[in-house]
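Values quoted throughout were computed directly from the atomic coordinates according to the rules given, and no laboratory measurement underlies them. Everything numeric in this text was worked out from a predicted model, so none of it was measured. Note that we place each Cβ from the backbone using ideal geometry, even for glycine, and neighbour counts take in every protein chain shown.
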Amino acid sequence: MPLTDQTLYCRDCNQAFVFTVGEQEFYASRGLTNVPSRCPSCRAERKAQAGDRSSRYDSGRSSGFREARQMYTITCASCGNEAQVPFQPRDDRPVYCSDCYQSQGSGRTSNRRARW
C-alpha cells in the first residue's frame, strides 16, 4: 500500500500538522511503529526541556562536584591532638589523627599488597 501524507493533530497544542511520506519512511526505517503525537515545534520544545533536565542532573556528576562531606572533630586516641574525620566516631572505638593512623600501619602488614 503506497504511503500518503497524513494530517495529524498535536496532543499539546491541538494544531494540525502533516506527517509526510518522507517522515513516514524515516520512521519505518528506524522500526518506529507509532505516528508522532506532537507537532514539530512542540517536539522541539519538549526535547529542549528534556535536555535542560538531563544537563542539570548530569552537570554534578560529569564535572566531579559533590556536596561538602560532613566532618567530625575528634581528639586523637594516640597523641591527643584535635583532628577532623569524615565519619561519626563511636565511643567504643579509638580514633586517630591521620599521622598516628599511618604510623599504626592502618592494620595492614607493609609487605602485603592492597586487594583493590
For THR7 and GLN84, extending 7 Å from Cα along the Cα-Cβ vector and measuring point to point gives, in nm, a value of 6.8 nm
With x for Gly and Pro, the residue-by-residue ³J(HN,Hα) of the stretch 15-29, computed from phi through the Karplus equation 6.51 cos²θ - 1.76 cosθ + 1.60 at θ = phi - 60° and given in whole Hz, is 7, 6, 9, 9, 9, 6, 4, x, 5, 5, 5, 4, 4, 5, 5
Trypsin sites (Lys or Arg not before Pro) in the stretch 1-55 lying in a DSSP loop, each with at most 10 other Cβ atoms within 10 Å of its Cβ, come to ARG30
